[in-house]
Amino acid sequence: MSEWQDISTAPKDGTWVLVWGAFDREMPQVHFAAFNKGTGYWLDTYGLQEDPWVGNAIGATHWMPLPEGPAKPTTGE
């Protein structure tokens, strides 16, 4: 897996990534987020459930690409 990188280097093309930050809480957390060019804010999955224009991951300080998913299982036949 990649190392955490400064948020200034994150893709701003709508690619979903992992972001790290304190956000609106005191304890830092990891969010699954994408940058919204229209608003200039980081949008996380919580924002999608409530209001897609709310930048819930505004306090992001670091990012990393999503990890690869698991390998496709074999049928064993």
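The values are calculated or read from the model by the stated rules, or taken from the named source; none is laboratory data. Only a predicted model underlies this, so the values are computations on that prediction, with no experimental measurement involved. Cβ: placed from backbone, ideal geometry, glycine included. Neighbour counts: every protein chain shown.
Under 8 Å by Cβ, and 6 or more places apart or on different chains, what pairs join a residue from the range 53-72 that is over 12 Å from Gly21 (Cβ atoms) with one that is part of a loop (DSSP other than H, G, I, E, B) and modelled with pLDDT under 90?
From the range 53-72, the pairs are Trp53/Gly38; Trp53/Thr39; Met64/Met1; Met64/Ser2; Pro65/Ser2; Pro67/Met1.
Please verify whether Ile7 is at pLDDT 80 or above and surrounded by 12 or more Cβ atoms within 10 Å (Cβ to Cβ), treating the condition exactly as stated.
Yes: the conditions hold for Ile7.
Is it fair to say Leu18 is surrounded by 18 or more Cβ atoms within 10 Å (Cβ to Cβ) and modelled with pLDDT of 80 or more?
Yes: the conditions hold for Leu18.
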